[in-house]
Amino acid sequence: MYCCFLEHTWVLLRFNVHYCFYYEFKVAFIHLNFSSPLAGDITQKGYEKKRSKLIGAFLPQAPGKVFVLNGTLFPTYCTTFDQSLVGICHFIRDTRSSNMSVLLCVADVHTEAVQAALAKQKERGKMAVPMPSKRRSLVVQSSMDAYTPPDTSSGSEGEGSMQGEGTPTSSQSSINMENWISRAIHGSTTSSTTSSSSTQSGGSGAASRLADVMGQTHLENHSAPPDVTSYTTDSIQVERPQGSTTTSRSTPKYGNAELMETGDGVPVGGRVSAKIQQLVNTLKRPKRPPLREFFVDDFEELLEVQQPDPNQPKAEGAQMLAMRGEQLGVVTNWPLSLEAALQRWGTISPKAPCLTTMDTNGKPLYILTYGKLWTRSIKVAYNILHKLGSKQEPMLRPGDRVALVFPNNDPAAFMVAFYGCLLAEVVPVPIEVPLTRKDAGSQQIGFLLGSCGVTVALTSDACHKGLPKSPTGEIPQFKGWPKLLWFVTESKHLSKPPRDWFPHIKDANNETAYIEYKTCKDGSVLGVTVMRIALLTHCQALTQSCGYTEAETIVNVLDFKKDVGLWHGILTSVMNMMHVISIPYSLMKVNPLSWIQKVCQYKAKVACVKSRDMHWALVAHRDQRDINLSSLRMLVVADGANPWSVSSCDAFLNVFQSKGLKPEVICPCASSPEALTVAIRRPTDDSNQPPGRGVLSMQGLSHGVIRVDSEEKLSVLTLQDVGTVMPGALMCVVKPDVVPQLCKTDEIGELCVGSIATGTSYYGLSGMTKNTFEVFPMNSVGALISEYPFTRTGLLGFVGPGGLCFIAGKMDGLMVVGGRRHNADDIVATALAVEPMKFVYRGRIAVFSISVLHDERIVVVAEQRPDSTEEDSFQWMSRVLQAIDGIHQVGVYCLALVPSNTLPKTPLGGIHLSESKQLFLEGSLHPCNVLMCPHTCVTNLPKPRQKQPEIGPASVMVGNLVSGKRIAQASGRDLGQMEDNDQARKFLFLSEVLQWRAQTTPDHVLYTLLNCRGTIASSLTCVQLHKRAEKIATMLAERGHLQDGDHVALVYPPGIDLIAAFYGCLYAGCVPITVRPPHPQNIATTLPTVKMIVEVSRSACMMTTAVICKLLRSKEASAAVDVRSWPPVLDTDDLPKKKPPLLYKPSNPDTLAYLDFSVSTTGMLAGVKMSHTATSAFCRSIKLQCELYPSREVAICLDPYCGLGFVLWCLCSVYSGHQSILIPPSELEVNPALWLLAVSQYKVRDTFCSYSVMELCTKGLGLQTESLKSRGLDLSRVRTCVVVAEERPRIALTQSFSKLFKDLGLHPRAVSTSFGCRVNLAVCLQGTSGPDPTTVYVDMRALRHDRVRLVERGSPHSLPLMESGKILPGVRIIIANPETKGPLGDSHLGEIWVCSGHNASGYFTVYGDEALQSDHFTSRLSFGDTQTIWARTGYLGFLRRTELTDASGERHDALYVVGALDEAMELRGMRYHPIDIETSVIRTHKSITECAVFTWTNLLVVVVELDGSEQEALDLVPLVTNVVLEEHYLIVGVVVVVDIGVIPINSRGEKQRMHLRDGFLADQLDPIYVAYNM
């Protein structure tokens, strides 16, 4: 008979019972027909159509509303119906005949839904996900041998896992299901390896497609020097420092591989490019519709924000009313407190069994009687009150908190201790046994104990012996735990209480009875306090609901320390003198059927289990015959609130109904630590009153409303009721937001309970207590529905017809993605439905959300079976993504597989969710497979920037103002007006200056070279250098037969020989080119670069030392290059004795003095021409800026091959006459303190170094400052320490260096940087006078839009920029728009243009590319001052007039360099500088030592060097993706993890990103792991 509840407008009338039985049998028969293999392949639609046709005859054709149950149509007969509820989900009490064994399992329905969703995805177009590349060693380590199979205990709270477990269906149907899935995904003829087969091919087709893509997307670079490397047949080589910053930096393996080339000449390897093409093609697939509205995120970068869909379902029902439970009927013989009940049974029936414990063989281990429980509890109570501390100062007083630490296999000892505490009036806090000092969640338990003021822990003898001990035998303090006194409660260790001592037994009152711990979503542990009156009332309500009677037997499989296991198995059982059979978890692992056997053996009336235990029993029951469950009148399913427990319940009933199990026996309940038991289904004798079911649309649930899934049967959630409200309680459903407003009848909300039988507070947390335990629900007009407070249960659900409660999920499992709610349990169920048994362990799946870029993102982590292959796992992962997308309409951000048994466990073997999340965020999860899908998930990126048309010149330019701002131009001091006694000025050529110095100051030392021990290796006076140069000039004329103007390559190590050879060339009228010699340990990679420079510079001969001569002719050299094509090689160790007849004097100072060749950071080899005029002007400018005179000493620790490093090493001393102390950077690898010790020893005031030298000192000497101080190192005399660079100042490094050596006397203001580039080797140099270098903070997001916005230090997205030194004398700078070539205003970002007497005169190239030549070296502004000829540096920067004044009294103009134009990446219409992204990435994980980024086909590729085990490689992929999204609003396309030293770095310490890109595409990096983000 159906109940009519008018207040909910649910009307269900009675069917003819016989008709129903016949109808249900017929429906079952149809189901059976359809599920049999003989039915043929039938589509979902066909299935629905055929079934409705067959069962149509059995449906009464009376008018009424039709609703759905498990996919079956039913009519409703309505007498009254609220029109606002049209479309709401309808419920029915499912009529089951007692002899019917054919049931459609909900799990199978969901599996079918998943397969249908996957098939649907296939129809849309197959998603070709490129498989990640993994180094073989990483794959091998993930093989079967490396892992033990997981502990069979590994069940999460809802699911179990067993070796070889299967679904409850037969093996045949599961095989059919797998075939069905493979057909659904791949089509009947396609093999399962299709999606990755293309990755094994050569990929030439993909490469050509890629070239087309690149051809369309390639951005023209205006400022790149010509790539003179591609004229040679050899592949592009890396310029590599001889001794780079660390000895562990191995050399990249890219050399002479045969490469394909794309349209723009970039070499491409087949495998990598094919995968990237696959990724590009996949990402071209249409995504979800773009969002329309935006919000401003603090700046003009507009982040898209999710707007509610106007078509989304909204709640339409009437406002719900609070549901009242039945009256709590007070029975006269109910005890007045639980202690009184124990006293009664302990004295009246001392022999009655209270608790039977089992050993791991399933044999009874111990029977605790009520008499023993009573006497032992008294003994414990007496001892903790009187035997701890002294008589005057007892350790424990009534009301104090005590920890109960008992293992899961010893419920008797726990029970004695618990009741002992109740009798002593102290408050027990039951917790798990800490097995190690690093248990998952153990630290938070410690915090709880500390906040509760716990000082004593009660434990058992066996547990005490098993705790970890220190060498002295003491139990160590666990991490985060307070200091505890461990007290063993076994009787033999306790004193007998005196005869006159007796515990005071009070009636239940408002004092705290016990504290139950609760782990929150974030991993924190709270203590829920339960009062004595609540404890008693709860036991009474359970007794009434479950119909408990005296001496009943109850089998308990649950944890007896908390939740349902504690309430039924320890508390209510004692109130009713019941006999509890406790099944330990260890026994369940060995024998999953043990609880069923005990039910049969003891003819138990009640059993308390979880759905996991039912699932395990299903798997193991096949061998058992003599099972009879007819004695059971109630099977309490503790996790019935998990919507997916319905499948275990149905399957269990399906199998065990034939063994005597009655359908009405299964009683799911809903509970929470705060509200205790919220609802429980009552056991009933009436089998015509079966449970309620609801088939809800998941889409509706995600919007918080209840709807029938009317169209597609894919995304449905079948809910079973968890019974009605507890006796004496009031229940309502409120919106999950902060304000507790009542929901409508068709709305999902949080259940709230008003009752005495709930928790009272979170111990010590009054604020959280108020929000949870003192809630006053309001109706729509804001009026309170009750004067008494309600408690939030943390359960999401609704109250259905007949007052039945339905739970759809938990607040803790709620993930709000894009404004829609998803429940973690639902996602787990969908993942498990995709071939769960084959690749991952059932119940070992963690689902949680992380916050990235202003929204929650879903992460799925599963334990992988050791026998599954890489490809299988990857196939499974891509299917899971498609299934979740199809069923839940939500994207998974990251799917990770970890080795079996590695996810942190809760004490009962489930997954510790918050700890897993923490490990994921820290990068300590060590997955063996990762698939990131940021492209599909992240839909709230800022809008791509549309570039605005530039304003025309007429409306902009007014005198020296641009758009109301001063034109950004500045200049150094004027060389012409500077009066000084510079004798060298009267000479036009450096060769003449040297001859003059040899005559006037012949014995003045110009150069001193130090070796690694800090002693002088050699030195040169003016006359020695002059004479040596003369001999070299003679050699060039006699042996080399060279003419005036011939080019000579100087291949020398850093030292004196190089300087002498340079001036020898000038004396002979030749043009020198300095070339770094090949590295003897690495000839294959370094020699081709030498050969290339020699050929490109058209050198007529080479000069070098005897050692290098030998090296050039070695076997290794001939293997690397064709040694026969070298020009003549002259050995300067063997010089002629005679002087040249006449020294060459150039006729014109504008002729070529030398060529300066270097490899740029973009991998281009470019040579620039320096005339004699420019060289002399350069030396004079530096002399004036640094105040260099013959009496000065300057320490130089730089590579002497190009740029300012060469000028300082070879030229400046001859021009200015000062002594240069030369320190080759390679010597610092042997002795990192060499440079600083030399600076100290020679009392040097000015020193120059590179970033790589500074980094080596910072890393190598960080811990040695004290010992250096004791050795007398003193840097207090240093006036300027200049870093020579061609990049944005590395402010973090210079600050670290300053801070580190501050104690050794280094003044912070002494450290500064210089700036030079190809067109002008030194634009800025701090020098001696003038204001300190300034630092400003700019908004990084504004820089992306080519704008400068100054912000405060520490503000979000702020980027510190340091001034690049003072502008050199004779140098003029203007900031121009790189596209329009118009001048820009002050503090505007643009290209730095320079006009100077020491500008280079052009590129030296074999092509004679005149257009590029004129663009870079002879540019003019498009308006304003159109006469001046400027050179374009190719660097973006801005000028800012400061408040400081320089030496001339003028206000100081500071130049800030932002980055190279040809390195900047155009992404989403914005300009990104690689260094900014790299800085963010390096910060993410301690194992990332270096990082480089580049783009390929508009995909951002991030390469990170891993300093750690290869197992950590996959941890980095999510972290890198997250940080780039959060800080730069970019999606990373590919993450490449490589070994230390793979990222190439040039002699100036700059990353060669383009070489890296070429190596990656040619598949020459040997990466540890390559992840392709979807």
Residues being within 18 Å of P132 (Cα to Cα) and either surrounded by fewer than 24 Cβ atoms within 10 Å (Cβ to Cβ) or of a type in the set (V, I, T) (or both) - total across the range 883-894: 1
Within the group L423, L448, which residue is at pLDDT below 95 and among the aliphatic types (A, V, I, L, M)? L448
Output for Cβ contacts, cut-off 8 Å, separation at least six or different chains, first residue modelled with pLDDT under 95 in the range 1478-1489, second of a type in the set (G, A, S) and in a helix (DSSP H, G or I), reads T1479/A1292
Among the residues of the range 906-949, write down those that are over 12 Å from the mean Cα position of the chain (by Cα), closer than 25 Å to Y1472 by Cβ and open to solvent by less than 10 Å² (accessible area, probe 1.4 Å). C933, V938, P942
Can you name the residue in the range 1473-1506 that is more than 18 Å from the chain's Cα centre (by Cα) and in a loop (DSSP other than H, G, I, E, B) and is also nearest to S1358 (Cα to Cα) among such residues? H1473
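To keep it simple, each residue is scored yes or no on (1) surrounded by 24 or more Cβ atoms within 10 Å (Cβ to Cβ); (2) in a loop (DSSP other than H, G, I, E, B).
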residue: V753; (1), (2): yes, no
residue: E787; (1), (2): no, yes
residue: G802; (1), (2): no, no
residue: R844; (1), (2): yes, no
The range 1449-1460 residues that are within 13 Å of L1325 (Cα to Cα), paired with ones that are open to solvent by 20 Å² or more (accessible area, probe 1.4 Å) and β-branched (V, I, T) (beta carbon under 8 Å, 6 or more apart): A1454/T1334
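Anything in the range 363-378 that is open to solvent by 30 Å² or more (accessible area, probe 1.4 Å), under 54 Å from the mean Cα position of the chain (by Cα) and not aliphatic (A, V, I, L, M)? List them, or say none.
Passing the criteria: K363, P364, Y366, R376.
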Going through the range 379-396 one residue at a time, which ones are open to solvent by less than 50 Å² (accessible area, probe 1.4 Å) and touching a residue at least 60 places away in the same chain (Cβ under 8 Å)? K379, V380, A381, Y382, N383, I384, L388, L396
Being open to solvent by 10 Å² or more (accessible area, probe 1.4 Å) and within 14 Å of L990 (Cβ to Cβ) is the filter here, so list the residues in the range 1049-1067 that pass it. L1066
Expected output for the range 1138-1153 (first residue in a loop (DSSP other than H, G, I, E, B), partner among the charged types (D, E, K, R) and at pLDDT 80 or above, Cβ below 7 Å, 6+ apart or cross-chain) is K1139/E1030; P1140/E1030; Y1144/D1044
Wholly within the range 1244-1354, helices (runs of 4 or more DSSP H) carrying at least 2 residues that are in contact with a Ser or Thr (Cβ under 9 Å, 6 or more places away or on another chain) and in contact (Cβ under 8 Å) with a residue 24 or more places away in the chain: 1251-1260, 1291-1300
Test set (1) open to solvent by less than 60 Å² (accessible area, probe 1.4 Å); (2) touching a residue at least 12 places away in the same chain (Cβ under 8 Å); (3) under 22 Å from E432 (Cα atoms) - I475 fails condition number: (2)
Considering only the range 1156-1176, I want to know if a residue exists there that is on the phi > 0 side of the Ramachandran plot, within 45 Å of the chain's Cα centre (by Cα) and assigned to a helix (DSSP H, G or I). no
Kindly establish whether V655 is open to solvent by 10 Å² or more (accessible area, probe 1.4 Å), assigned to a strand (DSSP E or B) and farther than 28 Å from S755 by Cα. no
State which residue pairs qualify: first residue closer than 17 Å to T1161 by Cα and of a type in the set (D, E) and inside the range 1430-1444, second residue in a strand (DSSP E or B) and open to solvent by 30 Å² or more (accessible area, probe 1.4 Å) in any location, beta carbons under 8 Å apart, and separation of 6 or more residues or different chains. none
Can you say whether C539 is crowded, with 21+ Cβ neighbours inside 10 Å and over 26 Å from S586 (Cα atoms), as far as the supplied structure shows? yes
The range 1450-1490: number of residues that are open to solvent by less than 10 Å² (accessible area, probe 1.4 Å), polar (S, T, N, Q) and within 24 Å of R1347 (Cα to Cα): 1
E870 is checked against (1) open to solvent by less than 20 Å² (accessible area, probe 1.4 Å); (2) under 30 Å from L1530 (Cα atoms); (3) not hydrophobic (A, V, I, L, M, F, W, C) and fails just one. What number does that condition carry? (1)
Any idea how many residues of the range 1089-1101 are closer than 19 Å to K1115 by Cβ and either surrounded by fewer than 22 Cβ atoms within 10 Å (Cβ to Cβ) or more than 47 Å from the chain's Cα centre (by Cα) (or both)? 0
Here is a list of conditions, (1) at pLDDT 90 or above; (2) acidic (D, E); (3) open to solvent by less than 20 Å² (accessible area, probe 1.4 Å), and D982 meets all of them except one; can you say which number that is? (1)
Candidates L751, L784, L742, filtered to the one that is under 27 Å from C546 (Cβ atoms) and among the hydrophobic types (A, V, I, L, M, F, W, C): L751
Any residue in the range 1168-1179 that's under 15 Å from T1151 (Cβ atoms) and in contact (Cβ under 8 Å) with a residue 60 or more places away in the chain: show its pairings with residues that are basic (K, R) and surrounded by fewer than 23 Cβ atoms within 10 Å (Cβ to Cβ) at Cβ separation under 9 Å, as long as the two are six or more apart or on different chains. S1176/R985
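The values are calculated or read from the model by the stated rules, or taken from the named source; none is laboratory data. All values reported here derive from a predicted model rather than from experimental measurement. Glycine gets a Cβ as well: all are built from the backbone with ideal geometry, and neighbour counts include every protein chain shown. With ligands, DNA and RNA removed, areas are computed over all heavy atoms of the protein, side chains included. Shrake-Rupley method; radii C 1.70, N 1.55, O 1.52, S 1.80 Å.
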